[in-house]
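Undergrad: Submitted below is the structure of interest, expressed as structure tokens.
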Amino acid sequence: MGTERFDVLREQVRGQVIEEEDPEYDAARRVFNAMVDRRPAAVLRVSQVADVMAAVRFARDQGLDVALRGGGHSAPGYGTVDGGLVLDFSARRGVRVDPATRTARAEAGATWADFNHATHAFGLASTGGIIGTTGVAGLTLGGGIGYLARKCGLACDNLISADVVLADGSFVTASERENPDLFWALRGGGGNFGAVTSFEFRLHPVDTIYGGVVFFPAAEGRQVGEFYREWLPGQPEEFGAFYAYHQGPPVPFLPEEWHGKPVSLIAGMWTGDVSEGEKRWQPVFDAATSVGSLIATMPYPALNVAFDALNPPGMQGYWKSDFAKELSDDLLRVAAEFGNSVPSVQTANHFYPIDGAVQRVAADATAFPYRNVNFSPVIAGQWDDPAANESNIQWVRSYWAALHEYTEPGGYINFQDADDQSRIQANYSANYARLAQIKAKYDPDNFFRINQNITPAA
């Protein structure tokens, strides 16, 4: 099926081209955030790099906008576009591990669950996200905060090289030795500079960990936050953990009376000697009144997918983020106020630590500039009922506005929404001018603009 308009593209690619008349169209255009309901002219399910090169040239000739979709988790729905061409990498999920060099190469459609499954077979890992279904591509290009950040740095700090299709359809490799300016920009600059078709990462010895989650009443959340800000910086970098507010999830290790009730929590892992795990976690249990927990010895990939059930595709979503130098008394006061009114069981308010190894990278060494802060507060509003959109969006906006009085000008782009485009220069701080120059070199016409967009320098 399909129209003559895309016949030329079909002749040039191995992947499937799906148009509105095709029975797979509605499934092919869908992204995680059900609030995003866009209708692309076509979706190309990428089969190989040659497909990407042909598709970029075709889209330029036809004047079509192009959206790049890896995991599809983008809250603003940047993995799809009205009237344009979606390059869907979801079939390209291979991960090849070289245990001798402790490196892994992941294709652009791989998720962190895919990546961790492959690397764990060799007792290795690299910094990924908190949710297993998150795409490797999007998280890495936006910086990449995760459980291992204190010990191993951001996902982008572990990137060794990337294969990229540029806006003219040509193919290049970016690394410290090849196209180093492009490599610099890819490490935090988002999808502005090309379609990355594979990522090569440095791996670290991480196998069995001791970790999980400890729940507390939200009413004691400020006390938990005060403990957390003093305790975590004194821990070895082998301890990665975040502080959060949720509604109590319906899990067997949390009593039913707390299901759907506001809770605070600390989640994370100890990657050192597992025999020390119980001793390392005990201060967390003593921080306030623990109402439920699951702390155990487990494979690292098991923790990475622990929250996946609370993040199924098809929910409504609206997100915000910031950076904070510290969890000040004022910030913890605001967090406690809004944490006691979390509007849905899927909504997550996390305070991610980005100290340790993250701060040993200079602010101008990669595009990710905020190396002088200790935390990234994120508010991921998610819920089922579209009728609740207005009230949930307002809760997220009100919370962020109150929080932002005590945070930095910029925020973490992986948790920002479409209406955060006005913050783009603040997000990149002193690195923005260089990013705009590199954008002008590799994409002067702003062909790759369905993203947190960096305008090419004049």
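Just so you know, all these numbers are worked out from the coordinates, no wet-lab data involved. Quick caveat, the model's predicted, so the values are computed rather than measured. Positions of Cβ are backbone-derived with ideal geometry, glycine not excepted, and every protein chain shown enters the neighbour counts.
Undergrad: Could you sort 95-102, 391-398, 352-359 so that the peptide with the highest average Cβ count within 10 Å comes first and the rest follow in order?
TA: 352-359, 391-398, 95-102
Undergrad: As I understand it, the dipole of region 304-458 uses +1 on the Cβ of Lys and Arg and -1 on the Cβ of Asp and Glu, about the Cα centre. Which of 370, 404, 342 lies farthest toward its positive end?
TA: 370
Undergrad: Another question, if that's okay. Per the helix-only calculation at 222 nm, which mean residue ellipticity applies to the chain, given -39500 (n - 2.57) for every DSSP H run of n ≥ 4 and division by its residues, nearest 500 deg cm²/dmol? The partial results should precede the final answer.
TA: Details: 14 runs with 119 residues, N = 458.
Rounded to the nearest 500, it is -7000 deg cm²/dmol.
Undergrad: Still on this structure, please answer the following. Round to a whole angstrom and tell me the spacing of the C-alpha centers of region 64-127 and region 295-353.
TA: Here the two parts' Cα centres lie 23 Å apart.
Undergrad: Give me the one-decimal nm value for the distance between modelled label points at residue 181 and residue 297, 7 Å along each residue's Cα-to-Cβ direction.
TA: My value for the distance between the label points is 5.3 nm.
Undergrad: Work from the charge dipole of region 208-421 (Cβ charges, +1 for Lys and Arg, -1 for Asp and Glu, about the Cα centre) and give the residue of 298, 246, 263 farthest towards its positive end.
TA: In region 208-421, that residue is 298.
Undergrad: Grab the Cα-Cα distance for residue 10 and residue 422, subtract it from 0.36 nm times how many residues apart they are, and report the gain in nm with one decimal.
TA: So the chain would gain 144.5 nm between residue 10 and residue 422.
Undergrad: In straight Cα distance, which lysines are under 20 Å from residue 325, not counting same-chain residues fewer than 8 positions off?
TA: Cross-link targets: 151.
Undergrad: What are the DSSP H helices in the chain that stretch 18 Å or more along their long axis, judged by alpha-carbon atoms, and whose average Kyte-Doolittle hydropathy comes to at least 0.0? All intermediate terms of the calculation are to be shown ahead of the outcome.
TA: Values: long enough: 49-62 (20 Å, 0.36); 389-404 (22 Å, -0.64).
Helices passing the filter in the chain: 49-62.
Undergrad: Would you mind telling me the antiparallel percentage of the DSSP bridges in the chain, rounded to 5?
TA: If we restrict to bridges inside the chain, about 90 percent are antiparallel.
Undergrad: Output ³J(HN,Hα) for region 409-424: one whole-Hz value per residue in order, computed from phi by the Karplus curve 6.51 cos²θ - 1.76 cosθ + 1.60 with θ = phi - 60°, and x for Gly and Pro.
TA: x, x, x, 7, 5, 5, 10, 9, 9, 4, 7, 9, 4, 5, 9, 4
Undergrad: Would you list which lysines come within 28 Å of residue 439, measuring only between C-alpha atoms, while excluding same-chain residues fewer than 8 positions from it?
TA: Of all the lysines, those that pass the test against residue 439 - Cα under 28 Å, at least 8 places apart if same chain - are 320.
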